[in-house]
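Take a look at the structure below.
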Amino acid sequence: MKVLILGGTREARQLADIASGERGFEIVSSLAGRVREPVLPAGAVRIGGFGGTEGLRNWLADNAIDAVVDATHPFAGTISSHAAEAARAGGVPIVHLRRPGWSEQPGDRWSRVPDLASAAGAAAEFDRVFLTIGRQGVAAFAGLDEPWFLIRAIDPPTGPVPPHHLLLLARGPFTVAQEVDLLREHRISAMVTKDSGGDLTAAKLTAARTCGIPVVVVDRPPVPEGGECAESVAAAWEWLTAL
């Protein structure tokens, strides 16, 4: 069975590792190409877009894909929608692998917002903001000329940035102690993050709780209609083997 894994996440790499080692499976992982030095999964890898829904539908047909696993980042809404539509049009089974989002814990000071524009409005109320949303979406905060921002990302933002900021290029995971030190060193008064879920980047939330810092949490977009949903690599693998 030939499987396309739309990846870029740890879960996608884990699934590729499992499936590539099993007889009867041929795995192709696709990465968007937005990170300059991505961590590559096992098996064949392609990098770049497909050309929208129609391009992806044609690619699935041309490459005789039997199943699609959408294991993209929870906020990669566009490619997830394209994948759902292309799979439905081509009659290809698809599963959306999404790790559960984060849950507020005792001592947290969270404010949930629906999108980055709302997050920017909330950030405007603070003086020193830790912006940890990756490089995409930073432009939503570019119009805020009063707060100072600590922007952490793997690669530099390509669009406009807030006038008062420090760019920190770093790849996690980070420990709670490291995150606490960062918040205290830069006298952070609020944090903005996306509800990415998972434990790789959860240390910053524990650090914010430890320091009593409010966190603006951007809710993730809904999973596209159509196909199955899996919240773990094990569940996605079970779905694949059942096919």
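If you filter the stretch 1-51 for trypsin sites (Lys or Arg not before Pro), then keep DSSP loop positions with at most 13 other Cβ within 10 Å, what is left? Spell out each step's value before the answer.
Numbers: sites: Lys2, Arg10, Arg13, Arg23, Arg34, Arg36, Arg46; in loops: Arg23, Arg34, Arg36.
Taking the stretch 1-51 and a limit of 13 other Cβ atoms within 10 Å, the loop trypsin sites (Lys or Arg not before Pro) found are Arg23, Arg36.
Here the stretch 1-55 is treated with +1 on each Lys and Arg Cβ and -1 on each Asp and Glu Cβ, and its dipole about the Cα centre works out to around 120 debye.
Measuring with a 1.4 Å probe in the full set of protein chains, what accessible area per residue, in whole Å², belongs to the chain?
Details: 11600 Å² over 243 residues.
The answer is 48 Å² per residue.
Summarising the strand pairing of the chain, around 0 percent of its internal DSSP beta bridges are antiparallel. Shown here are the Rg and Dmax of the Cα trace of the stretch 86-243, at 17.7, 55 Å.
For Ala76, nonlocal amide neighbours, meaning residues 5 or more places apart or on other chains whose placed amide H falls under 5 Å from its own, do not occur. Computed from phi, the 3J(HN,Hα) profile of the stretch 207-216 under the Karplus parametrisation 6.51, -1.76, 1.60 (θ = phi - 60°) reads 5, 5, 5, 4, 8, x, 9, x, 10, 8 Hz, with x in place of Gly and Pro. The trypsin sites (Lys or Arg not before Pro) found in the stretch 70-133 that occupy coil by DSSP, while having at most 15 further C-beta atoms within 10 Å, are Arg109. Separation of the stretch 139-194 from the stretch 51-122 is 25 Å, based on Cα centroids.
Amide H contacts for Leu150 (H built 1.01 Å from N in the peptide plane; partners 5 or more residues away or on another chain; cut-off under 5 Å): Val129, Phe130, Leu131, Leu166. Each Lys and Arg Cβ is given +1 and each Asp and Glu Cβ -1; about its Cα centre, the stretch 185-243 then shows a dipole of about 440 debye. Only the Cβ atoms of Lys and Arg (+1) and of Asp and Glu (-1) were treated as charged; on that basis the dipole of the chain about its Cα centre amounts to roughly 400 debye.
Quick check: with the 1.4 Å probe, what order do His82, His96 take by accessible area, largest first?
Values: His82 55, His96 0 Å².
Ranking His82, His96 by accessible area, largest first, yields His82, His96.
Comparing Gly7, Ile79, Pro41 along the charge dipole axis of the chain, the residue lying farthest to the positive side is Pro41, per the Cβ-charge model.
Principal axis extents of the C-alpha atoms in the stretch 1-120 (largest first, rounded to whole Å): 49, 31, 28.
Just the number, please: carbon plus sulfur as a percent of the accessible area of the stretch 1-130, 1.4 Å probe, no ligands or DNA/RNA counted.
Working: 2970 of 6210 Å².
Carbon with sulfur: 48 percent of the solvent-accessible area.
Where both residues lie in the stretch 114-243, what percent of DSSP beta bridges are antiparallel, nearest 5? Bridges in the stretch 114-243 that DSSP calls antiparallel: roughly 0 percent.
I need the GluC sites (Glu not before Pro) found in the stretch 74-140, filtered to DSSP loop residues with at most 15 other beta carbons within 10 Å of theirs. Mind showing how you got there, number by number?
On the way: sites: Glu85, Glu104, Glu125; in loops: Glu104, Glu125.
Counting only loop positions with at most 15 other Cβ atoms within 10 Å, the GluC sites (Glu not before Pro) in the stretch 74-140 are Glu104, Glu125.
At the residue level, Ile79 shows approximately 50 square angstrom of accessible surface with a 1.4 angstrom probe and all protein chains present.
First select every other residue whose beta carbon is under 15 angstrom from the beta carbon of Gly212; then total the charges, Lys and Arg +1, Asp and Glu -1.
Details: positive: Arg109, Arg128, Arg184, Arg187, Lys204, Arg209; negative: Glu104, Asp108, Glu179.
Local net charge: +3.
Below 8 Å between Cα atoms, with a sequence gap of 6+, how large is the relative contact order for the chain in percent? Relative contact order of the chain: 21 percent.
When you count, for each residue, the other Cβ atoms within 10 Å and take the mean per peptide, how do 219-226, 135-142 rank with the highest first? All intermediate terms of the calculation are to be shown ahead of the outcome.
Numbers: 219-226: 14.5, 135-142: 20.2.
With the highest mean Cβ count within 10 Å placed first, the list reads 135-142, 219-226.
The values are calculated or read from the model by the stated rules, or taken from the named source; none is laboratory data. Computed from a predicted structure; not experimentally measured. Cβ sites come from the backbone with ideal geometry, for glycine too, and all protein chains shown count toward neighbours. Just the protein is used for accessible areas: all its heavy atoms, side chains included, with ligands, DNA and RNA removed. Shrake-Rupley method; radii C 1.70, N 1.55, O 1.52, S 1.80 Å.
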